[in-house]
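Below you'll find the structure, written out as structure tokens, and then a few comments.
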Amino acid sequence: MFDKENPYWANFFRDRCLEKKTEGLKYKFLKYTYVSELEEGYLDELQEKYDFVYPDILREYYENYNESVIETCEFVANGKEIMIYNILSVKYGNESVEECIRNQKNKLIPKYYIPFARDVEGRFFYLSKKDSGIYTDINKEYCFGIKHPMKISDSVEELFDVMERNIKTYEF
């Protein structure tokens with residue numbers, strides 16, 4: 001069992017966290033925010049390099065909360081259960097957006113999808129360059145690409161609104 005009073009666990013978060021979730025944060029789904037400042041111009045360079053534009057809300061999220069930890073958000077979209085567990089870091093961390101984009105070379109992910117989040121089982125959620133919608137693969141067994149795309153949201157704004165209303169807190 002995860003013991004939150006364990007000094008090793010506490011030291012890890014004390015060293016890495018800028019602040020624990022408070023009422024002052026913009027999004028209720030944020031659990032912890034990390035110190036992970038992006039270099040000025042990094043998002044512009046990334047967008048130019050991979051030929052896409054982040055919506056303002058996602059750009060603001062990355063500028064303020066890159067590499068933050070979110071609460072799990074569970075909801076139903078198009079009759080399918082959706083569980084968003086992690087918004088990918090645009091830079092840094094074990095799995096960044098840029099690293100995932102580079103992995104598109106294997107052709108499992110069409111170039112018009114930008115990886116953006118993951119579920120607890122490892123499936124990705126993608127921002128579409130074509131219509132700014134959010135997509136995932138409906139096949140739960142297929143998490144290393146997108147064979148059967150399903151739109152779960154018309155925009156990042158809509159998705160964040162749904163996430164705000166569907167936070168599921170798990171205690172360990």
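For the range 1-21, indicate whether the set of residues that are modelled with pLDDT of 85 or more and either assigned to a helix (DSSP H, G or I) or farther than 24 Å from Glu157 by Cβ (or both) is non-empty.
The answer is no, given that none of the residues of the range 1-21 is modelled with pLDDT of 85 or more and either assigned to a helix (DSSP H, G or I) or farther than 24 Å from Glu157 by Cβ (or both).
Which residues, taken from the range 74-92, are within 25 Å of Glu37 (Cβ to Cβ), in contact (Cβ under 8 Å) with a residue 40 or more places away in the chain and not aliphatic (A, V, I, L, M)?
Ser89, Lys91, Tyr92
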Only residues that are under 17 Å from the mean Cα position of the chain (by Cα), in a loop (DSSP other than H, G, I, E, B) and at pLDDT 80 or above: list them for the range 28-43, please.
Lys28, Phe29, Leu38
Is there a residue in the range 96-104 that is among the small types (Gly, Ala, Ser), at positive phi and either crowded, with 18+ Cβ neighbours inside 10 Å or at pLDDT 80 or above (or both)?
no
What pairs come out if I take residues in the range 31-51 that are in contact (Cβ under 8 Å) with a residue 60 or more places away in the chain and pair them with residues that are in a loop (DSSP other than H, G, I, E, B) and surrounded by fewer than 15 Cβ atoms within 10 Å (Cβ to Cβ) whose C-beta lies under 9 Å away, six or more apart or interchain?
Tyr50/Lys111; Asp51/Lys111
Looking only at the range 116-140, which residues are under 18 Å from Gly93 (Cβ atoms) and β-branched (Val, Ile, Thr)?
Val120
All conditions in (1) surrounded by fewer than 18 Cβ atoms within 10 Å (Cβ to Cβ); (2) more than 15 Å from the chain's Cα centre (by Cα); (3) touching a residue at least 12 places away in the same chain (Cβ under 8 Å); (4) within 17 Å of Gly133 (Cα to Cα) are true of Ile57 except (2)
Is one or more of the residues making up the range 102-113 in contact with a Pro (Cβ under 8 Å, 6 or more places away or on another chain) and assigned to a loop (DSSP other than H, G, I, E, B)?
yes
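The values are calculated or read from the model by the stated rules, or taken from the named source; none is laboratory data. Remember, it's a predicted structure, so these values are computed and weren't measured experimentally. All Cβ positions, even for glycine, are placed from backbone atoms using ideal geometry, and neighbour counts span all protein chains on display.
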